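The values are calculated or read from the model by the stated rules, or taken from the named source; none is laboratory data. Not measured: the values here are computed from a predicted model. When we count neighbours, we look across all protein chains shown, and the Cβ atoms used for this are built from the backbone with ideal geometry, even at glycine.
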Amino acid sequence: MTADRPILATAAGRLMATLVAAAFPALLAAAPAMAATAPVATDCTPDSSTACVAAIVMDEENNFVPDVGATITGAGFEAQVTTTQDGPVSVEVPEVGTYTITLDEATLPDGLFPDPPQIEVTAQTGSTARGAIRLGDQPVDATPSAEPGASEGAETPAAGEAGSEESTSGGFSLANAWQKFGLGIRLGLLLALASVGISLIYGTTGLSTFAHGEQFTLGAVFAFIGINMWGLPFWPAAILAVVICTATGFLQDVVLWKPLRQRGTPLTQLMIITIGLSLVLQYTIQLMIGNGSERILSTNPTSMTIAGIRLSSWSWASMAVAVVAILFIAWFLTRTRIGRATRAVSDNPALASATGINPDKIIRIVWTMSTGFAGLAGLMYGLSVGTFGWNTGMQMLLLMFAAVTLGGLGTAFGALAGSMVIGIVVEMSPLIPGMPNDLRYATALAILILVLLLRPQGLLGKRERIG
């Protein structure tokens, strides 16, 4: 790697730290408001100015349970609804934000108990935030907590249907910590699949791309469009989504990055271009799917318990796909001729060129692969969490940068290691007494700042002398 690479890493790190600092006020503003009673109408239909919240109660066989009372509270609002056997019961809420759905246990069928007794969802205009609570034959002796599969903003489970089986009760316990650890492994694997692209692009070009988060979102977007708008079966739609995401990386390098490299455009200007590209892609995605949250699949997945960790079947499948893809990346980088050439270009582009390697071809392959794997990660994330939104990529981008900075910029295996650490820390941080679930991503950003201050080269990066 060239001598000025550490200077560029420092510049990129300072820019990342600035963005991190700007993100904290938004995270702190996510706290839910106190409730007060207000009249509402049921059977809400969302539109561009209306947000809806729906309560769903299901038995262990995914059948709707009727005649159960539920209270929806949040943002100075309270409403009582009664479930039916025909499906979700929804109400219009006065504003976007976090709402809590709490069951009236006196109305539950005999011998059935809620798990958990209450759940949090985030309402967005133009969509219905669904919160699903499953009834089982064993009581839950713990205080309830927010949906662990939910994310801030548009990514809340509409999801309650898909994510409810992943819910854990609040308060510290070994079972709760083990469940959170499982969720951390899931997030870490999907984060690694996306983060390795950022690291490879930086290693071969010296560029930190801020548009990689939108490449992540595009995987879920094209799968959603293929299934829900074009009527394709799941597997053809999923393959098509990954192929389109892969093609976007190829086209970006052909149309944009290679011409700019040939003109000798400085890396600082290229980094600014990636920020502009990120904004363009964000609002293009918003035009495609709207500003609410969407579900790739409308059906409810079944839950599976493996080694004491209960996740949806799609979560387990996503983790398996991520493991296979990560093993392929490791094999590609260490066992193939192109992979070894990629590492050579990352270490020293001039020397690699002198030995007969064409850096431009290697960089094009890296861009193509990186966007493809990011799209695959976004698709698997949308399936496992339950929903995605137009701004999902921006939220995940901060975690990606935290992961690659912790592991070491430019090192693919460092990105994998950093992603696993960040995923586990993010999911387990709500176990800290007094830590709100809404601030769980802040722990990853704190790690990013500490790494930039104490060990800028990361866990697996190499310290290099300048001058």
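In the set 355, 336, 342, only one residue is assigned by TED's automatic domain parsing to the domain that holds residue 370, over 24 Å from residue 261 (Cα atoms) and out of contact with any Lys or Arg (no Cβ under 9 Å at 6 or more places or on another chain); that residue is 336.
Whether a residue is modelled with pLDDT of 85 or more and in contact with a helix residue (DSSP H, G or I) (Cβ under 7 Å, 6 or more places away or on another chain) was assessed, and residue 93 does not pass this test.
Pairing each residue of region 109-135 that is outside the structural domain of residue 301 (by TED's automatic domain parsing) and among the acidic types (Asp, Glu) with any residue that is part of a loop (DSSP other than H, G, I, E, B) and surrounded by 23 or more Cβ atoms within 10 Å (Cβ to Cβ), provided the two are 6+ apart or on different chains, yields C-beta distances under 8 Å for 115/167; 120/146; 120/147; 120/150; 120/156.
Taking region 339-420 and the helices (runs of 4 or more DSSP H) fully enclosed by it, the elements with 3 or more residues that are crowded, with 24+ Cβ neighbours inside 10 Å and not polar (S, T, N, Q) are at 359-385, 392-407. Is it true that residue 279 is more than 27 Å from residue 131 (Cβ to Cβ) and either touching a residue at least 24 places away in the same chain (Cβ under 8 Å) or not small (Gly, Ala, Ser) (or both)? Yes, satisfied. State which residue is nearest to residue 228 (Cα to Cα) when the search covers only region 260-292 and only residues that are of a type in the set (Ser, Thr, Tyr) and under 24 Å from the mean Cα position of the chain (by Cα). So the residue we want is 284.
Suppose the filter is among the β-branched types (Val, Ile, Thr), modelled with pLDDT of 85 or more, surrounded by fewer than 19 Cβ atoms within 10 Å (Cβ to Cβ) and not assigned by TED's automatic domain parsing to the domain that holds residue 294; does residue 82 pass it? Yes; evaluated as a whole, the condition is true for this residue.
Here is a yes/no grid of residues against (1) in a helix (DSSP H, G or I); (2) touching a Phe, Trp or Tyr at 6+ places or on another chain (Cβ under 8 Å); (3) of a type outside the set (Val, Ile, Thr):
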site	(1), (2), (3)
264	no, no, yes
270	yes, yes, yes
275	yes, yes, no
284	yes, no, no
314	yes, no, yes
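Please tell me if residue 234 is surrounded by fewer than 17 Cβ atoms within 10 Å (Cβ to Cβ) and closer than 30 Å to residue 308 by Cβ. Taking the combined requirement at face value, the residue satisfies it. Is there a residue being at pLDDT 90 or above, hydroxyl-bearing (Ser, Thr, Tyr), closer than 12 Å to residue 186 by Cβ and in contact with a Leu (Cβ under 7 Å, 6 or more places away or on another chain) anywhere in region 330-343? Taking every residue of region 330-343 in turn, none turns out to be at pLDDT 90 or above, hydroxyl-bearing (Ser, Thr, Tyr), closer than 12 Å to residue 186 by Cβ and in contact with a Leu (Cβ under 7 Å, 6 or more places away or on another chain). Residue count for region 205-224, restricted to those that are of a type in the set (S, T, N, Q), surrounded by 24 or more Cβ atoms within 10 Å (Cβ to Cβ) and within 20 Å of residue 409 (Cβ to Cβ): 3.
Criterion applied to 102, 98, 122 was being within 24 Å of the chain's Cα centre (by Cα) and within 26 Å of residue 313 (Cα to Cα), and the one residue passing it is 122. Taking the stated definitions as given, is residue 235 out of contact with any Leu (no Cβ under 6 Å at 6 or more places or on another chain), aromatic (Phe, Trp, Tyr) and not in a helix (DSSP H, G or I)? Considered against the rule, which asks whether it is out of contact with any Leu (no Cβ under 6 Å at 6 or more places or on another chain), aromatic (Phe, Trp, Tyr) and not in a helix (DSSP H, G or I), residue 235 comes out as no.
Listed here are the residues, each with its yes/no results for (1) farther than 22 Å from residue 297 by Cβ; (2) touching a residue at least 40 places away in the same chain (Cβ under 8 Å); (3) out of contact with any Leu (no Cβ under 7 Å at 6 or more places or on another chain); (4) among the aliphatic types (A, V, I, L, M).
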position	(1), (2), (3), (4)
200	yes, yes, yes, yes
208	yes, yes, yes, no
211	yes, yes, no, yes
217	no, yes, yes, no
223	no, yes, no, yes
257	yes, yes, yes, no
273	yes, no, yes, yes
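Whenever a residue of region 299-311 is more than 13 Å from residue 179 (Cα to Cα), its partners that are not in a strand (DSSP E or B), lying with C-beta atoms within less than 6 angstrom and at least six residues away or across chains, give the pairs 300/62; 300/161; 301/162; 301/313; 301/314; 302/313; 303/165. Looking across region 437-467 at every residue that is outside any helix (DSSP H, G or I) and surrounded by fewer than 16 Cβ atoms within 10 Å (Cβ to Cβ), the one that is modelled with the highest pLDDT is identified as 455.
So that you can scan it fast, the table gives a plain yes or no per residue for (1) among the charged types (D, E, K, R); (2) crowded, with 20+ Cβ neighbours inside 10 Å:
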residue: 283; (1), (2): no, no
residue: 295; (1), (2): yes, yes
residue: 302; (1), (2): no, no
residue: 322; (1), (2): no, yes
residue: 327; (1), (2): no, no
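So which residues in region 207-240 are under 17 Å from the mean Cα position of the chain (by Cα) and hydrophobic (A, V, I, L, M, F, W, C)? Listed by number, the residues that qualify are 210, 211, 216, 218, 220, 221, 222, 223, 224.
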